[in-house]
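Only one structure is covered here, and it is reproduced in the block below.
We did not get these values from a lab; they are worked out from the coordinates using the rules stated. Nothing here was measured: the structure is a model prediction, and the numbers come from that model.
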Amino acid sequence: MIFLHAFSVTLILFAAELVSAKSCINHTQCKPIPQTSCIADIRDPSKKYCLCGDNTAPTNGLCQTTRKGAGHLCSDDCVEDATCLEEEGNSNIKVCKCNEGFIVTPHGYCSGAVSAQIATVGLLLMVMLHFPILTTIA
């Protein structure tokens, strides 16, 4: 019962954070709030909010982070493993995009999950070659 109560409080706090973010349709509507971009909600992509570079709502109209995550407006201030490029279909706007081989995390960072999987496979192959399985002949 206590677990459910604590879980409910967490949900309310999370929902309150989303409510504090201004809803938007495009990046232009976020200009009055410094360092924010119009970003789709990861749970419901049809809803967009003016969020800071780490995909959090601004606190009292201010963002704590200075780096911009994937999908955010940029001027070479993207998070690690992301590049500031022209937005598809609109050459007047530049947004951060994860570099090839990296995927977007819920907080807008670029994760090398694909690269990590390749490294894991390589390590597994090295171990298999170094320690061959002994077989017995019956």
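Tabulated data for the structure shown
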| quantity | calculated |
| --- | --- |
| Segment SER23-ASP41, length gained on full extension (0.36 nm per residue, minus Cα span) | 5.5 nm |
| Under Karplus coefficients 6.51, -1.76 and 1.60, residue-wise ³J(HN,Hα) of the range 31-41 in Hz, glycine/proline x | 3, x, 9, x, 6, 10, 9, 7, 10, 6, 5 |
| Additional length obtainable on full extension of the chain from LYS31 to ASP77, 0.36 nm per residue less Cα span | 14.9 nm |
